[in-house]
Amino acid sequence: MHAVLGCGTSGYFAAERLKDSKKDIIIVDNDKKRVESLKERGFSVVIQGDITDIKTLKAAGVANAEAALILTTDLELNLKAARAVKDLNDTVAVVTRAKKDSTPEDFKDMDIDLVIYPSYVVAEKAIESLKELELRRRLKHLKKVITDAGEKALAIILQDNPDPDAIASGMSLKKIAETLNIQSDLIYGGEIGHEENKALVNLLGLTLIPSVKVRDIRDYGKIALIESSVPGVNNFLPKNTRIDIIIDHHPFDDKIDVEYWDIRPELGATSTILTEYLVSLDIDITDDLATALLYGIKTDTNNFTRATTSDDLKVVAMLYPKASQELLIKIETPLMSTETLDILSEAIRNRKIKGSFLLSNVGFIRDRDTLPQAAEYLLNLEGISTVLVYGIGKNVIYLSGRNKDIRINLGDIMHNAFGNIGQAGGHATAAAAKISLGLFGIVKDKTSLLKLVEEAISSRFFEAVGIEEKSD
């Protein structure tokens, strides 16, 4: 039960919010007409009396309240009422309002649990409103760019080997395009290889187009990049491709030339950005879409333990009631393929440990998505805080790393180690790289090639970490 002492404008709005929340309320006010008006408006327990009088408060039952809200514009009255409540029962939480020019000094030695400063509240509301206005402005621009695609449609390009965050974000942008009567296609390079990613696509019945089936990307009216910000980097696009829309949460090149971009490295997932879009545009988030977005945030933040912000968690709290828990369980627990099991076995067998670092060369692979699964599994090994698993695909060396050492930024290490000979980067706790096999010349013998790759990867990685490798 909550008590509202003094029911002017602020007190009334507080009482209304409490009533909407199904809270039991006691209202005490000295104004007879106001008391009658409150009763007419549906407040059942409204008592006329002096809010600074202990007898009045006791008779009203304030001693049994969880909290007392004292929000009048009279600071002296508020302080007296707060004192009376605490004298009656000092376990009642007291919330009171300051004057516009009040300072914390005014409440020194007062046993008040929370003081609300009107100027601060106004400023907070202004900033909050500013964020919403900025988002509306952004979305007005985004809608124009999408609409300009016209009959030639919008190409939504997901990062190569798209993960759940990229897939869910692409689904959301496609939904926005649909509301604008613009046709769009979800296109990806590489493969959908991770078992959970395959389950996500299959269970939701998604249509994703492999890049090899796109005759000419220039046939589209507009091109959007999701979970990637540079043509040709972690996507199949030629480097000189003109991009119209970029939405991502990874660090980016601030010299990008694009009509619309929204890149927020401070967020844990791009799905957080797209959920904000859907809410602001008042677009219905279906159960399937909520499930995909929730799973996208969950995976990209490693179960909300990696680079997770309050904005990510707000979105999660909103999506969770709409998401299908049954569907999530099916997505998260797919059957393991024999190739995944084989690669995991190779990663365990070929592990090399140096201190808390574990490196493993799994040899030749067909599915690069088996590497992060192996890295995540090996990170559970006692005494290991950083794992790098790598293998050779078709003309490319793929590397996947996982880290739980707070002193290390794995994304920076991977970039420093392999950025000048390939593509590399990521977050503090998860990173990846790929290097062309052409760097190893015309080595034909597979055993020799594996040894050369292992020596090069190991030496470069440990040099970037700052550990000197001893020769055998």
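Values quoted throughout were computed directly from the atomic coordinates according to the rules given, and no laboratory measurement underlies them. Model, not experiment: these values are computed from the prediction. No Cβ is skipped: glycine too gets one built from the backbone with ideal geometry, and neighbour counts run over all protein chains shown.
Just a few scattered comments:
- When the C-alpha to C-alpha distance is required to be over 28 Å, the pairs from K222/K314; K19/K58; K394/K451 that qualify are K222/K314.
- Over 18 Å between alpha carbons, listed pairs K140/K174; K198/K330; K198/K239; K131/K175: K198/K239; K131/K175
- Set of aspartates and glutamates with alpha-carbon distance to K152 below 16 Å, sequence-local pairs under 8 removed: E178, D185, D216, D219, D244
- K23 paired with R407, simple spin-label distance in nm, labels 7 Å along Cα-to-beta-carbon: 4.8
- Gained length - D148 relative to F364, 0.36 nm times residue gap less alpha-carbon distance: 73.2 nm
- Neighbourhood charge, 13 Å Cβ-Cβ cut-off, centred on D53 and excluding it, Lys, Arg +1 and Asp, Glu -1: +1
- Shape category assigned to segment 338-465 from the gyration tensor of Cα positions, a/c cut at 1.5: oblate
- For segment 83-206, with +1 on Lys and Arg beta carbons and -1 on Asp and Glu, the positive-most of S172, Q183, Y120 along the dipole: Q183
- Chain lengthening between K32 and F304 when straightened (0.36 nm per residue, less Cα-Cα): 92.6 nm
- Beta bridge orientation in the chain: antiparallel %, DSSP, nearest 5: 35
- Residues in segment 278-291 carry Karplus couplings, in order, of 4, 5, 5, 7, 6, 9, 4, 9, 5, 4, 5, 5, 4, 4 Hz; the curve used is 6.51 cos²θ - 1.76 cosθ + 1.60 with θ = phi - 60°, and Gly or Pro positions show x.
- Cα-centred dipole magnitude for the chain, charges only on beta-carbon of K, R (+1) and D, E (-1), debye, nearest 20: 420
- Sites T9 and K55, calculated FRET efficiency, Cβ-Cβ separation with R0 22 Å, nearest 0.05: 0.20
- Greater than 28 Å apart at Cα, pairs in K86/K125; K33/K108; K213/K434; K255/K404; K144/K255: K86/K125; K33/K108; K255/K404
- Extension gain for S129 to V396 (0.36 nm times residue separation, less C-alpha to C-alpha distance): 91.3 nm.
- K255/A63 FRET efficiency (R0 45 Å; Cβ-Cβ; nearest 0.05): 0.10
- Relative contact order (%) - criterion: Cα under 8 Å, at least six apart; region: segment 1-145: 19
- Label-to-label distance, nm, for residues given as M318 and T207 (7 Å Cα→Cβ offset): 2.9
- Using the Cβ-Cβ distance between K446 and R136 with R0 set to 56 Å, the FRET efficiency works out to roughly 0.45.
- Under the Karplus curve 6.51 cos²θ - 1.76 cosθ + 1.60, θ = phi - 60°, whole-Hz ³J(HN,Hα) for segment 128-144, x wherever Gly or Pro sits: 4, 5, 4, 4, 5, 5, 5, 5, 4, 4, 4, 5, 4, 5, 4, 4, 5
- Alpha-carbon centroids, segment 190-234 and segment 1-76: separation in whole Å: 58
- For I25, the amide hydrogen comes within under 5 Å of the amide hydrogens of H2, counting only partners 5 or more places away or on other chains and with H modelled in the peptide plane.
- Between segment 256-292 and segment 81-149, the Cα center-to-center distance that results, in Å: 27
- Calculated from backbone phi, Karplus (6.51, -1.76, 1.60) coupling profile of segment 453-458 in Hz, x at Gly/Pro: 4, 4, 5, 5, 5, 4
- Amide H contacts for L71 (H built 1.01 Å from N in the peptide plane; partners 5 or more residues away or on another chain; cut-off under 5 Å): L5.
- Among (i) 56, 28, 20; (ii) 49, 22, 19; (iii) 31, 28, 22, the entry derived from the coordinates for semi-axes √(5λ) of the Cα gyration tensor in Å: (i)
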